[in-house]
Every structure is written in C-alpha cells, then in structure tokens.
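What follows is a single structure, written as structure tokens, with notes after it.
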Amino acid sequence: MRYSRIAATGSYLPAKVLTNFDLEKMLNTSDQWIRERTGIERRHIAADGETTVDLAEHAVRAALDAAGCRPEDVDLIIFGTTTPNLFFPNCGVLLQARLGCRGVPAFSVETACSGFMYALSIADKFVRAGEAKRALAIGAETLSRITDWTDRSTAVLFADGAGAVLLEPAEAPGIVSTHLHADGGYWDLLYSGGGTDLSKPSRAITMKGNDVFKIAVNTLTKSIEETLAANRIVPAALDWLVPHQANLRIIQATARRLDLPMERVITTVQDHGNTSAASVPLALDFGVRSGKIRRGDLILLEAFGGGFTWGSALIRY
Ligand code: UT7
C-alpha cells in the first residue's frame with residue numbers, strides 16, 4: 001500500500017499590516033469589538049499590484065526549500081483559492097509558468113475557505129494512486145480585493161496570505177484520512193458575485209455572519225467527530241488541532257465541545273484574520289516553523305466556508 005506524507009510546508013504574508021486601530025479610522029468600529037467578537041488584532045493586506053499567485057509563489061518556494069526540492073521536481077499543482085488572478089487560466093497554471101515545471105497537471109479548486117482541504121485531499125489521492133510523486137496543495141487569497149471596505153461587518157474579518165504543502169510518497173500514512181462535504185443549499189449565506197451571473201454583479205463578500213457562525217460550530221464539531229470515528233481515536237489522542245482561522249470564538253467553541261484544551265490548538269487568527277483557503281496551511285506552517293508541531297505528531301486539520309463546503313483531515317506529520 002502506498003501513502004502520501006507532508007514533505008514540507010511553506011507560507012507567505014504580504015508586508016503591509018492593518019491593525020484594528022487602523023480600521024477604527026476607516027469604519028465605525030473599535031479594537032475592543034473586533035477582539036471580543038473575533039479575536040482578530042491585525043491582518044496582512046497585499047500591496048497594490050501584488051496578486052494571489054505572487055503570494056502563493058513565495059509560499060511554495062518556502063516549502064520547496066524546506067523539502068530540499070527544486071521546482072522541476074513538482075509533478076502536480078492543486079491551487080485552492082476564491083480570489084483567482086483571472087477567470088482563466090487558473091492560478092495553478094499561472095504558478096506553474098513561474099516555477100518552470102511545464103507540462104505537469106495544474107488546476108484550481110474553488111471551494112472558498114475549504115479550498116486547501118479539498119486540494120490536500122485530491123493531491124493525496126494522486127500520490128496514493130502513483131500518478132504523482134511530488135504534489136503541491138496550496139491555499140492562497142487576496143480577499144482584500146473583494147472586501148467592501150465600507151462594510152464593517154465583513155471588512156474587519158478578511159485578509160490576505162498563502163500557504164502550501166508538498167506531498168511525497170511514503171511507506172506509512174502521513175495523510176491518514178480526509179473527509180470532504182458540501183451543501184449548496186446554503187450558498188446565499190456567504191458569497192461573492194461579479195461572475196457571469198449578471199444578477200449578482202458585486203464582488204464584495206456578502207455574509208449573514210450570525211447564521212454562518214452557528215452552522216460553522218455545529219458542522220465543524222461533526223466533521224471532526226467523523227474523522228476521529230473513522231480512525232477509531234478520541235480527541236485526547238490528537239497532538240494538535242489546526243482549525244480554519246475564521247473567528248477565535250468558533251475555534252474555542254469547537255475545542256470546548258471536543259474537550260480539547262486550547263494549549264493543543266494552533267491559533268493564528270489574531271495575527272492573520274480570516275484568509276479563507278490560506279488559513280489552514282498558514283496555521284500549519286506557523287505551527288511547524290515555531291517548533292510547536294514536530295515530526296510524528298498526530299494533527300487534525302479542518303475548514304468550513306462558503307457553499308457551504310467543509311472538510312477535515314487526520315495527518316501524521
Ligand atoms: O470563513 C468562512 C466562515 N465565516 C465565518 O465563520 C464567520 C462567522 N461569523 C462570525 O464570525 C460572526 O458572526 C461575526 C464576527 C461576523 C459577527 O459577530 P456577531 O457576534 O455574530 O455579531 P452580530 O453580527 O450579531 O452583530 C452584533 C452587533 C450588531 O449591532 P446591533 O444590531 O446589535 O446594534 C452589528 O451591527 O455588532 C454590530 N457590528 C459591529 N460593531 C462594531 C457588526 N460588525 C461590527 C464591527 N464593529 N466591525
């Protein structure tokens with residue numbers, strides 16, 4: 001039996017930092033409200049002209065460096081994003097041209113905040129099937145481009161960044177199991193228009209935050225329980241939970257329901273805000289590079305977002 005494992009992780013945040021105090025000057029909001037309701041203190045915002053693929057390229061090169069691999073070694077690129085540079089070609093293709101590994105399959109998945117979870121799950125299957133040896137699963141976003149900066153209910157939440165993992169074949173399971181779901185019945189609770197549906201011309205993120213919050217906590221708890229049950233383990237067996245970084249209260253509520261102490265939860269939402277598809281690989285890379293996550297640790301990743309789409313993965317790092 002052939003498995004895949006994470007050879008290395010990488011991430012990138014644009015240089016510009018926007019604090020809650022900066023937002024106080026732009027909107028009718030306060031540092032206190034944002035901290036209490038979301039846990040966010042600051043976030044990174046792409047410079048003018050800096051694109052989703054630019055951020056992803058930095059993250060991917062960091063992962064390749066950490067793995068001691070060259071771009072030519074990559075034979076599959078799966079790019080999770082909800083803020084693509086272009087309608088087409090997809091971001092995976094644009095990134096491939098920069099890396100120089102021409103000819104290898106490259107595509108994007110548009111499952112909003114779950115984009116990385118979907119990318120990871122698909123990449124794992126390619127490696128297990130022997131159709132790829134070194135596969136990149138990426139989550140990268142420039143959500144600042146589709147944020148309505150006059151809408152305080154969303155402008156304080158979303159931000160920019162990128163994260164990537166390089167998968168390689170392994171004798172023992174690194175990606176132990178992945179579990180993906182979607183329910184399109186909820187599409188209008190969280191969406192961005194500006195596509196070919198002319199009845200939804202605005203690109204600005206539109207969200208019924210309260211409804212999303214409640215469904216997110218319930219769904220993420222069930223998603224984690226599904227993954228634990230599939231592997232016949234209890235929460236206490238986990239070394240780390242690396243959750244989607246949308247709101248500290250969602251993360252705390254999920255951890256509480258699972259009886260998982262916050263000391264074993266990687267949280268970056270305070271510094272990164274909600275970076276959608278980038279949030280889980282950014283948090284994973286932060287955990288690895290800060291020395292918290294070590295080789296051999298058992299980790300549960302999860303994300304939930306627009307669609308709704310959601311997914312979780314158990315990995316042995
Ligand atoms: O990543 C994809 C998944 N996304 C999520 O998981 C996000 C889920 N939702 C949330 O995180 C939260 O619902 C929010 C952070 C978006 C909002 O927090 P909330 O506790 O649900 O607040 P709310 O929407 O119920 O609003 C409470 C009050 C309202 O005022 P009134 O009607 O009580 O007078 C809002 O107008 O807070 C007001 N408000 C703000 N006040 C200051 C909303 N945004 C702001 C703001 N600053 N930025």
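When the chain is described by a simple charge dipole with +1 on each Lys and Arg Cβ and -1 on each Asp and Glu Cβ, the residue from 122, 95, 153 located farthest towards its positive end is 122. A simple spin-label model places pseudo-atoms 7 Å from Cα toward Cβ; at residue 16 and residue 226 they are separated by 3.8 nm. Using the alpha-carbon positions of segment 44-183, Rg (one decimal) and Dmax (whole number) come out as 15.3, 52 Å.
A simple charge model with +1 on the Cβ of Lys and Arg, -1 on the Cβ of Asp and Glu and nothing else charged puts the dipole of the chain at about 460 debye relative to its Cα centre. Considering only beta bridges that DSSP places wholly inside segment 1-148, some 30 percent are antiparallel. From helices alone, the chain scores -10000 deg cm²/dmol at 222 nm; the rule is -39500 (n - 2.57) for each run of n ≥ 4 DSSP H residues, then divide by the residue total. Packing, taken as the mean count of other beta carbons within 10 Å per residue, orders the peptides 210-222, 110-122, 43-55, 280-292 from highest to lowest as 110-122, 280-292, 43-55, 210-222.
Peptides 171-177, 194-200, 242-248 ranked from most to least packed by the mean count of surrounding Cβ atoms within 10 Å: 242-248, 171-177, 194-200.
Can you tell me how much longer the chain between residue 65 and residue 47 gets when fully stretched, taken as 0.36 nm per residue apart minus their C-alpha distance, in nm with one decimal? Answer, rounded to one decimal: 4.0 nm. Applying D = kT/(6 pi eta Rh) to the chain, where Rh is the Kirkwood radius over alpha-carbon pairs, T corresponds to 4 °C and eta to 1.567 mPa s, the Stokes-Einstein value obtained is 67 µm²/s. What is the list of residues in segment 1-30 whose amide nitrogen lies under 15 Å from a point 7 angstrom out from the Cα of residue 295, following Cα to Cβ? Residues 5-9 fall inside that zone.
Measuring r between the beta carbons of residue 133 and residue 182 and using R0 = 35 Å, the FRET efficiency lands at 0.75.
For the chain, the residue among 78, 273, 301 whose Cα projects farthest onto the positive side of the dipole built from Cβ charges is 301. Were the residues from residue 210 through residue 88 laid out at 0.36 nm apart, the gain over their Cα-Cα distance would be 40.6 nm. Any idea what % of Cα-Cα pairs in segment 96-140 are farther than 11 Å? That fraction is 68 percent. Spin-label model, residue 218/residue 202: points 7 Å from Cα along the beta carbon direction are separated by 2.7 nm. Remark on segment 1-121: hydrodynamic radius 16.4 angstrom, per the Kirkwood mean of 1/r across alpha carbon pairs. Taking the Cα centre of segment 1-151 as reference, the dipole from Cβ charges on Lys and Arg (+1) and Asp and Glu (-1) amounts to some 600 debye. Backbone amide hydrogens, once placed in the peptide plane, bring residue 176 within less than 5 Å of 314, 315, 316, excluding anything fewer than 5 places away on its chain.
Long hydrophobic helices in the chain, taken as whole DSSP H segments with a C-alpha length of 24 Å or more on their own axis and mean Kyte-Doolittle hydropathy at least 0.0: 209-230. Reachable lysines from residue 125, Cα under 30 Å, same-chain residues fewer than 8 places away excluded? Output for residue 125: 133, 222, 292.
With r as the distance between the Cβ atoms of residue 33 and residue 257 and R0 = 22 Å, compute the FRET efficiency 1/(1 + (r/R0)^6) and round to 0.05. Computed FRET efficiency for residue 257 and residue 33: 0.30.
Each reported figure results from applying straightforward, stated rules to the coordinates on display, with no laboratory input. Small disclaimer: the values here were computed from a predicted structure and weren't measured. Quick reminder, even Gly has a Cβ in these numbers, built from the backbone with ideal geometry, and neighbours come from all protein chains shown.
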